[in-house]
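These notes are about the structure you will find just below.
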Amino acid sequence: YPYGCVEQKASSSLALVLAADLGDAFALPGMTPAEMRPVAQRTLKEIETFQCDSGGFAYWPGACHTVSPYLTAYVLHVLETATDLKYTVAPGVRDRAYDYLQREMAAKEPAGNEEWWPSYTAWQAFAVKVLAEGGRPVDAHLTRLYGHRERMPVFALAYLHDAMLARGEPASDRAGDLRRRMSNAILPEGGSAHVGELADPYLLWFWNSNVRSTAIVLKHYAAQADPDADLRALVHWMMAARKDGR
């Protein structure tokens with residue numbers, strides 16, 4: 001599909017680099033790891049053309065009025081994942097994007113409309129996660145966002161906890177508080193379980209749903225040595241939620 005915006009291209013390359021890393025563990029019709037890697041590498045190279053002078057990423061090449069901090073955080077997440085899996089990203093691309101994201105995070109918090117807070121804290125928590133995993137300092141942002149935990153959707157709590165883990169804070173009281181809040185949001189159903197997410201219209205910009213939040217929380221717990229949730233129950237619900245295999 002040659003007409004995708006940077007979000008679509010980043011998403012397709014993320015799927016390819018992860019699928020290729022599985023090797024032959026799972027059969028994907030019409031695709032082999034050897035075929036996926038060069039396609040993913042070409043797409044990653046193309047993504048670099050969407051970066052603007054500010055360091056942020058625009059939805060379309062040269063359309064720098066569409067630069068978005070949330071979009072930039074997502075592209076950075078994909079580039080970081082690809083780099084960890086030995087793909088090539090041009091020197092300086094990630095550093096410029098991290099610098100841009102740090103500047104955006106330093107902006108004053110919005111005042112007034114309370115309805116904005118779930119979506120605001122959602123992208124901020126994701127950006128802090130990406131910055132922390134990239135080795136950038138985020139301690140002040142962690143403290144600031146933790147103060148807004150009552151207004152956060154569940155998937156943002158997972159992102160904030162990821163950031164704490166990246167900063168070496170797995171056993172603190174506030175990390176434990178976030179784990180408790182995530183656990184409380186998991187709703188058991190017989191042999192399965194899922195996350196009951198906030199039904200907030202502003203979160204639709206994130207394609208918000210119980211399925212998406214359950215996937216994010218499942219991914220978060222799967223990376224833990226001693227998860228606070230029944231992973232099998234979450235997987236069982238996710239499998240049952242598929243329609244036509246998706």
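The values are calculated or read from the model by the stated rules, or taken from the named source; none is laboratory data. The shown structure was predicted, so the numbers you read here are calculated from the model rather than taken from an experiment. Here the Cβ is made from the backbone with ideal geometry for all residues, glycine too, and neighbour counts use every protein chain on show. The accessibility values were calculated without ligands, DNA or RNA, using every heavy atom of the protein model including side chains. Shrake-Rupley method; radii C 1.70, N 1.55, O 1.52, S 1.80 Å.
Can you compute the FRET efficiency between Glu189 and Glu109 using 1/(1 + (r/R0)^6), with r the Cβ-Cβ distance and R0 = 35 Å? Round to the nearest 0.05. Calculated value: 0.40.
Separation of the stretch 189-246 and the stretch 12-69 by C-alpha centroid, Å? Cα centroid to Cα centroid, the span is 25 Å. Each Lys or Arg adds one and each Asp or Glu subtracts one; over the other residues with Cβ under 11 Å from the Cβ of Arg151, this totals -3.
Subtracting the Cα-Cα distance of Val39 and Asp21 from 0.36 nm times their residue separation leaves 5.1 nm of extension gain. According to the square roots a ≥ b ≥ c of the eigenvalues of the Cα gyration tensor, what is the shape class of the stretch 120-246, taking rounded for a/c under 1.5, prolate for a/b larger than b/c otherwise, and oblate for the remainder? Cα axes put the stretch 120-246 in the prolate bin. For Val130, the solvent-accessible surface computed with a 1.4 Å probe is close to 10 Å², ligands and nucleic acids excluded.
Length gained on full extension, Ala240 to Leu85: 52.7 nm, using 0.36 nm per residue less the C-alpha separation.
By the rule of a C-alpha distance below 17 Å, with chain neighbours fewer than 8 residues away ignored, the lysines paired with Lys129 are Lys219. Between Glu46 and Trp207, the distance separating the two model label sites (each 7 Å from Cα on the Cα→Cβ line) works out to 1.8 nm.
Dividing the summed -39500 (n - 2.57) terms of all DSSP H runs of n ≥ 4 by the residue count of the chain sets its mean residue ellipticity at 222 nm at -17500 deg cm²/dmol. Tell me the carbon and sulfur percent of the accessible area for the chain, rounded to whole percent, probe radius 1.4 Å. Roughly 57 percent of what the probe reaches on the chain is carbon or sulfur.
Site pair Arg180 and Gln224 shows an inter-label distance of 1.4 nm when each label is modelled 7 Å from Cα along Cα→Cβ.
In this structure Cys64 has an accessible area near 70 Å², from a 1.4 Å probe over the protein heavy atoms. Solvent-accessible surface of the chain, averaged per residue with a 1.4 angstrom probe and all protein chains in place: 52 square angstrom.
Would the chain count as rounded, prolate or oblate if I go by the C-alpha gyration tensor, calling it rounded below 1.5 in a/c and otherwise prolate when a/b exceeds b/c, oblate otherwise? Because a/c hits 1.5 or more and a/b fails to exceed b/c, the chain counts as oblate.
By a 1.4 Å probe calculation restricted to protein chains, His77 has an accessible surface near 40 Å², given to the nearest 10.
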